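Asks: One structure follows; several queries about it will come next.
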Amino acid sequence: EDAPQLIWTYPDNVEITVTNPTSSSNWLEINMYPIQWTSTGDIEDVKIELYKGATFVEEITDLFGYTTNDGSYDFYVSSAENYDGIDYRIKITDYDDPNVYGYSDFFSINVRSGTITVTSPRGSSLWQAGTMQSITWTSTGNILNVDIEIYKGTVLVYYIYDVSNFGVKLWDIDEDIETGTDWKVKISNSDNSGQFDWSYNFEITSAGEGGAILGYSFYIILTISMISFAIIIRRFKRRC
C-alpha cells in the first residue's frame, strides 16, 4: 500500500488596509468623520485605536472594545483641547488576532489653515484720533480666530487676540494717540502664526484734522456691523 500523504493547508491571506483618513484629511472639532477600511481573509470583528505619532491616544471602539468588520466606523472629534496636531494615525486590528492590523496615513486633527488678506486700512487711509474705525480682512480655508496687532513703525502698540474670524473689528482710536504716517495692521491666524498679512502703512491724524467724514464712517461701520451680525446668526442656525 502507498504511504498516506500529508496535505498541508494554509489559511487565507488575512490583511487590513485603512482607506480613510488619508494624508490630506484634516478633521475639525465638533464633527463626525468616517473611519474606513478594507480587509481580506476571515476577520469577524476589529478594534480601532488612535495614535499621535507612535504614542497611543485612545481606543475608539472603547464601548465594547470592538466593532463588526463592516468597513466603516464613525468617529466624533470633540474639543480641540483633546486633539490638535498633524501626526495622528488610525490603527485597526483583528480583534481575534493582534498580529493582523493596518495603519492609516498620518493625518491632521484641528489644524486650521488658510490665507488672510487685510482690506482696511489701506495705504490711502487717513484716520483721526478719537474716532471709531473698521479694521477689515478676508480669509480662505478654515481659520476660526485671528490675532490683530497694530504697529507704529516696528513697535507693537495695540493688540487683541483670538478674535472671531468674521472679517471686521472696530477700533476705538484714543484721542491722545501718537500721530504719524507709519501705522500698520497685522492680522494672523490664531492657530498658526505663520499665516498672516500686513496692511499698507496708513496715517493717523490729530482729532479735528482732515480725514474720514464722521457721518460716512458711521454709516460704513453700521453696515458692516449688520452684515457681521447676520453672519453670526446664520452660523448659529447652521450649528443648531
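Asks: When you go through Thr181, Thr205 one by one, which is the residue that is at pLDDT 95 or above and either surrounded by 14 or more Cβ atoms within 10 Å (Cβ to Cβ) or closer than 30 Å to Ser79 by Cβ (or both)? It would help to see each step written out before you state the result.
Replies: Numbers: Thr181 fails: either surrounded by 14 or more Cβ atoms within 10 Å (Cβ to Cβ) or closer than 30 Å to Ser79 by Cβ (or both).
None of the other options fit; the residue is Thr205.
Asks: Check the stretch 94-109 and report whether any residue there is of a type in the set (Asp, Glu), crowded, with 18+ Cβ neighbours inside 10 Å and more than 19 Å from the chain's Cα centre (by Cα). Show your work before the answer.
Replies: Going through the stretch 94-109, the residues of a type in the set (Asp, Glu) turn out to be 94, 96-97, 105.
Going one step further and asking which of them are crowded, with 18+ Cβ neighbours inside 10 Å, we end up with 94.
Next, only the ones that are more than 19 Å from the chain's Cα centre (by Cα) stay: 94.
So far as the stretch 94-109 goes, yes, one or more of its residues are of a type in the set (Asp, Glu), crowded, with 18+ Cβ neighbours inside 10 Å and more than 19 Å from the chain's Cα centre (by Cα).
Asks: I'd like the residue in the stretch 111-135 that is in a strand (DSSP E or B) and of a type in the set (Ser, Thr, Tyr) and, out of all such residues, is surrounded by the fewest Cβ atoms within 10 Å (Cβ to Cβ).
Replies: The first filter runs over the stretch 111-135 and keeps only residues in a strand (DSSP E or B), leaving 116-120, 126-128, 132-135.
Narrowing further to those that are of a type in the set (Ser, Thr, Tyr): 117, 119-120, 134.
Details: Thr117: 12, Thr119: 15, Ser120: 17, Ser134: 19.
Applying the filter and picking the extreme gives Thr117.
Asks: Please go through the stretch 52-83 and pick out each residue that is over 16 Å from Tyr103 (Cβ atoms), loosely packed, with under 12 Cβ neighbours inside 10 Å, of a type in the set (Phe, Trp, Tyr) and over 22 Å from the mean Cα position of the chain (by Cα).
Replies: Phe64
Asks: Looking at the structure I just gave you, is Arg89 basic (Lys, Arg) and assigned by TED's automatic domain parsing to the domain that holds Trp171?
Replies: Details: basic (Lys, Arg): yes; assigned by TED's automatic domain parsing to the domain that holds Trp171: no.
When the stated conditions are applied, Arg89 does not pass them.
Asks: For Ile187, only one of the following conditions fails: (1) outside any strand (DSSP E or B); (2) touching a residue at least 40 places away in the same chain (Cβ under 8 Å); (3) within 30 Å of Ser24 (Cα to Cα). What is its number?
Replies: (1)
The values are calculated or read from the model by the stated rules, or taken from the named source; none is laboratory data. Computed from a prediction, not measured in an experiment: that's the story for all the values here. Here the Cβ is made from the backbone with ideal geometry for all residues, glycine too, and neighbour counts use every protein chain on show.
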